[in-house]
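One structure is given below, encoded as structure tokens.
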Amino acid sequence: MMSSPTNALSDNPRRGTVDYNAVAKSLHWIAVALLLVEFPLGWLMPPTGRDEIPAASVNLHFSIGMLILVVFAVRYAWRLVHPVPMEASLPDWQKRLAQTAHWLLYVLVFSTLLAGWAHASVRGWPITMFGWFSVPPICAKDSETGHFFGTLHQPLSLMFVSLIGLHVAGVMYHHFIQRDRILERMLPQDMGG
């Protein structure tokens with residue numbers, strides 16, 4: 001059975017089951033690639049004081065963060081329009097746990113990115129997308145509310161990366177211990193078996 005490009009899922013006749021389609025997989029793996037750059041960059045970039053001009057690595061961190069925000073917004077919209085059923089073989093408690101973890105990932109990515117945007121805005125730092133165009137501040141410079149949310153950027157990012165670690169551990173558990181198809185559903189067609 002051929003899949004429509006507008007469906008979030010596609011039938012895989014080789015396995016007789018339903019997989020994510022190319023759009024869902026692409027959005028997932030683009031997000032993974034961006035996050036693999038963004039987290040180390042965020043932790044390794046030099047500290048920048050309130051009235052200092054951010055270093056190039058800080059501007060790159062902002063740019064990648066804004067790109068991640070766009071990718072996750074598209075990904076979230078795609079998921080809402082094209083709901084993805086859980087693997088039928090999972091027990092109910094694992095389905096509930098997986099759904100909760102997925103929604104928490106969305107909450108944490110948006111919270112982390114918006115807090116980072118507030119952190120830069122409240123300090124009056126210019127935010128540009130790879131030097132191509134400016135991004136407006138999300139709050140006023142020296143805003144108390146913006147400062148509060150900006151201080152949450154680092155703790156939220158630690159929670160986010162921890163949840164990503166649990167997500168990966170769960171996928172590895174299913175792949176190596178349970179030996180089910182959880183990982184294969186998100187792998188590109190040629191790698192999935």
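We did not get these values from a lab; they are worked out from the coordinates using the rules stated. If you're wondering where the values come from, they're calculated on a predicted model, not measured in any experiment. No Cβ is skipped: glycine too gets one built from the backbone with ideal geometry, and neighbour counts run over all protein chains shown.
Taking each pair of distinct Cα atoms in the range 96-169 once, what is the resulting Kirkwood hydrodynamic radius in Å?
That comes to 13.3 Å for the range 96-169.
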Next on the checklist: Compute, for the chain, the length of the dipole vector about the Cα centre, with Cβ point charges of +1 (Lys, Arg) and -1 (Asp, Glu) only. Units Debye, rounded to 20.
Outcome noted: 320
Checklist outcome for this item: Computed, not fitted: 222 nm per-residue ellipticity of the chain from DSSP H runs ≥ 4 (each -39500 (n - 2.57)), nearest 500, equal to -19500 deg cm²/dmol
Checklist outcome for this item: Taking trypsin sites (Lys or Arg not before Pro) as exposed when in a DSSP loop with at most 11 other Cβ atoms inside 10 Å, the chain has its longest clean stretch at 51-178
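Residues with beta-carbon under 15 Å from that of Ala118, excluding Ala118: net charge, scoring Lys, Arg +1 and Asp, Glu -1?
Computed value for this residue: +1.
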Next on the checklist: Through the Karplus equation 6.51 cos²θ - 1.76 cosθ + 1.60, θ set to phi - 60°, convert the phi angles of the range 66-71 into ³J(HN,Hα) values in whole Hz; use x for Gly and Pro.
Outcome noted: 5, 5, 4, 4, 5, 4
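Is the C-alpha gyration tensor of the chain telling us rounded, prolate or oblate? Criteria: a/c under 1.5 is rounded; beyond that, a/b larger than b/c is prolate, otherwise oblate. Walk me through the numbers before you get to the answer.
On the way: a/c = 2.47, a/b = 2.10, b/c = 1.18.
It is prolate, given that a/c is not under 1.5 and a/b is the larger ratio.
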Item to check | Residues Thr151, Thr145, sorted so that the one with the fewest Cβ neighbours within 10 Å comes first | outcome: Thr145, Thr151
Checklist entry - For the range 9-178, with the dipole built from +1 on Lys and Arg beta-carbon atoms and -1 on Asp and Glu ones, taken about the Cα centre, which of Met45, Gly165, Ser89 lies farthest toward the positive end? => result Ser89
Item to check | For the range 158-165, Karplus couplings with θ = phi - 60° (6.51, -1.76, 1.60), whole Hz, Gly/Pro x | outcome: 5, 5, 5, 5, 5, 5, 4, x
Checklist entry - Points 7 angstrom from Cα along the Cβ direction at Val70 and Ala169: gap in nanometres? => result 3.5
Checklist entry - Which whole number in µm²/s is D for the range 26-81 by Stokes-Einstein, with the Kirkwood Rh taken over Cα pairs at 25 °C and 0.890 mPa s? => result 199
Checklist entry - Which cross-chain or sequence-distant (5 or more) residues have an amide H under 5 Å from the amide H of Val135, H modelled 1.01 Å from N in plane? => result Ile127, Thr128, Met129
Item to check | Sorted by Cβ neighbour density within 10 Å, fewest at the top, the residues Thr100, Thr128 | outcome: Thr100, Thr128
